[in-house]
Amino acid sequence: MTRGSRLRRALPPLTVFLVVLLLWEFGLAALNVQQFLMPRPSVIVAALADQAHILWDATLYTLTEVLGGLLIGGTLGILAAFAAARWRLASEALVPIGIAAASIPIIAMAPIINVWFTADSPVSRMAVVTVLIFFPIMVNTMRGLTQVDPAALELMAACAATEAQVLRKLRVPNSLPYIFTGLKVATTLAVIGAIVGEYFGGPLAALGIYIKSEAYQFRYNHAWAAILIACTLGIGLYVLVLAIERVAIPWHTSSRQEVI
Amino acid sequence: MSEPVVEVLKASKTFGAGEGALAALQEIDLTIRAGEFVSLIGPSGCGKSTLLRLIGDLTPASTGEVRLNGKPAAQARRAREYGIVFQAPVLMEWRTVQRNVELPLEISGVARAERTERATAMLRLVELSDFAAKYPWQLSGGMQQRVAIARALAMDPALLLMDEPFGALDEMTRERLNLELMDIWRRTHTTVVFVTHSIPEAVFLSSRVAVMSARPGRITRLIDVDLPQPREAATRNEERYFELVTAVREALHQGGADEATAAAEGLGTGASTGEGEEDAAARIRAEGYA
């Protein structure tokens with residue numbers, strides 16, 4: 001893709017974004033909407049600058065929880081998927097656990113998890129994130145490991161490949177795009193999970209707790225600044241996964257840039 | 001007469017068991033000798049792909065025996081004595097063309113230097129040297145199928161199994177690849193078993209055509225193709241070529257008539273041989289390729 005065409009692709013969403021921003025800034029004032037209900041973008045940016053110090057600390061803390069949770073949940077999900085794809089018994093044992101983890105109302109579970117690992121520890125929120133992302137990672141990885149072209153399996157059989165070779169040379173590469181799909185879902189879930197978890201306790205310098213306490217004290221401009229950061233965090237992680245995907249599996253359809 | 005490479009001895013294949021059993025192949029006898037090019041032709045569901053999979057030990061025979069180079073087919077497969085090309089190219093999209101051709105060599109533990117050398121030679125054979133560093137999606141369908149052929153030949157097998165390799169290609173590409181395949185066959189002296197449902201293709205390529213009929217799958221006629229070698233584009237204009245095309249077509253229709261008779265007589269197709277789940281899976285696969 002050339003620079004020009006990339007710019008052309010970015011133009012429509014950028015335009016919409018700017019128009020919305022302008023309407024927000026000036027429209028709200030014109031309609032006489034009260035500041036605390038919906039602060040104007042300029043007010044939020046001002047709060048961002050004003051609170052920069054604590055917001056920076058809070059962002060780092062929450063980011064640590066998100067990354068830790070992604071690492072633990074991602075590793076467990078991938079390992080479970082390998083076991084489930086290999087042994088029927090493991091699949092029968094693990095898939096229901098995954099479904100159960102996915103159907104837990106995280107709002108109900110977060111306070112309990114906070115008690116298990118103590119609210120002061122970031123491990124609590126890592127556990128919440130783990131519960132949230134385990135299933136999407138596991139299901140996607142499993143699909144990638146098992147949904148292999150039957151003809152490719154016949155080809156491996158014709159080459160007298162061992163099971164380990166089939167895994168290494170066929171199933172694992174085949175699963176990579178699926179794992180990245182799972183990771184993309186997981187990044188946004190992880191930010192939500194960490195912040196929801198923080199609502200039920202933790203140090204003050206954490207995005208979730210900050211949002212909650214500032215909102216209680218009617219400092220909505222501060223709360224909005226933190227929400228903006230949380231949003232940026234989610235998008236940033238998503239883009240990061242996208243970038244890693246491009247580098248890791250350049251052969252995949254989603255990464256192909258040349259036009260045939 | 002040269003050594004037999006493929007010996008199919010009274011081989012039958014039944015998918016499923018009891019009421020729902022499907023006799024895919026019934027008592028097939030077929031001997032293919034070194035250097036032959038034998039086509040299996042017949043209507044959909046006649047079991048030609050299943051017969052090819054029996055030869056390659058990709059599905060076991062229900063009864064009877066299949067031998068390759070004098071060994072049981074399973075043993076020959078484990079010794080990697082044949083190469084196979086499917087209807088789809090089945091290339092690994094994460095591997096370059098070069099590394100796709102290297103795959104069988106890699107699996108059998110050939111050292112890197114030799115792997116590169118063999119794959120390079122094979123790509124030269126199919127005239128794709130310039131595309132070694134490309135990924136499969138950057139190639140046309142015909143080129144992808146040539147990569148699959150190069151991969152099948154990488155281990156220098158005595159036997160090449162081809163399952164409708166050009167079935168998904170347009171007529172022009174198919175005719176060109178037929179010519180190229182003839183060239184490769186002459187140069188490698190490989191024995192070929194070739195499944196097709198195209199009569200002109202079977203006649204043009206083969207030294208013998210095995211005509212099959214369906215339900216149960218049987219070989220109804222073996223037709224020697226006595227067209228002179230080498231086969232070239234001009235071969236398609238020879239009178240003898242048209243005669244043989246007609247002969248194969250008639251044999252195919254004859255087979256259809258036989259099939260009607262067989263159905264009328266209710267020949268035993270429900271033989272219970274007690275297959276398990278594996279064969280049901282194999283049947284689903286086989287049907288997918290029929």
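Summary of computed values
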{"read-out": "Unique residue being assigned to a helix (DSSP H, G or I) and within 13 Å of chain B (Cβ to nearest Cβ) when the list is A:Leu183, A:Leu228, A:Leu237, A:Leu155", "value": "A:Leu155"}
{"read-out": "Failed item, numbered, when A:Thr253 is tested on (1) crowded, with 17+ Cβ neighbours inside 10 Å; (2) out of contact with any Lys or Arg (no Cβ under 9 Å at 6 or more places or on another chain); (3) over 25 Å from A:Val131 (Cα atoms); (4) within 14 Å of chain B (Cβ to nearest Cβ)", "value": "(1)"}
{"read-out": "From the options B:Thr191, B:Thr196, residue that is under 22 Å from B:Gly35 (Cα atoms), touching a helix residue (DSSP H, G or I) at 6+ places or on another chain (Cβ under 6 Å) and polar (S, T, N, Q)", "value": "B:Thr196"}
{"read-out": "Qualifying position, being assigned to a helix (DSSP H, G or I), within 14 Å of another protein chain (Cβ to nearest Cβ) and in contact (Cβ under 8 Å) with a residue 24 or more places away in the chain, among A:Gly144, A:Gly73", "value": "A:Gly144"}
{"read-out": "Some residue of the range B:195-209 being among the basic types (Lys, Arg) and buried (at least 19 other Cβ atoms within 10 Å of the Cβ)", "value": "no"}
{"read-out": "Unmet criterion (only one of (1) crowded, with 18+ Cβ neighbours inside 10 Å; (2) in a helix (DSSP H, G or I); (3) within 9 Å of chain B (Cβ to nearest Cβ)) for A:Leu176", "value": "(1)"}
{"read-out": "Scope the range B:104-137; condition more than 14 Å from chain A (Cβ to nearest Cβ) and without any contact (Cβ under 8 Å) to a residue 24 or more places away in the chain; matching residues", "value": "B:Ala111, B:Arg112, B:Ala113, B:Glu114, B:Thr116, B:Glu117, B:Thr120, B:Ala121, B:Arg124, B:Ser129, B:Asp130"}
{"read-out": "Inter-residue pairs, beta-carbon under 6 Å, first surrounded by 15 or more Cβ atoms within 10 Å (Cβ to Cβ) and in the range A:40-51, second charged (D, E, K, R), 6+ apart", "value": "A:Arg40/A:Glu25; A:Pro41/A:Glu25"}
{"read-out": "Filter result for B:Glu81 (among the charged types (D, E, K, R), surrounded by fewer than 21 Cβ atoms within 10 Å (Cβ to Cβ) and within 14 Å of chain A (Cβ to nearest Cβ))", "value": "yes"}
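Values in this text are rule-based calculations from the coordinates and carry no lab data. Please read these numbers as outputs of a predicted model, since none were measured by experiment. No Cβ is skipped: glycine too gets one built from the backbone with ideal geometry, and neighbour counts run over all protein chains shown.
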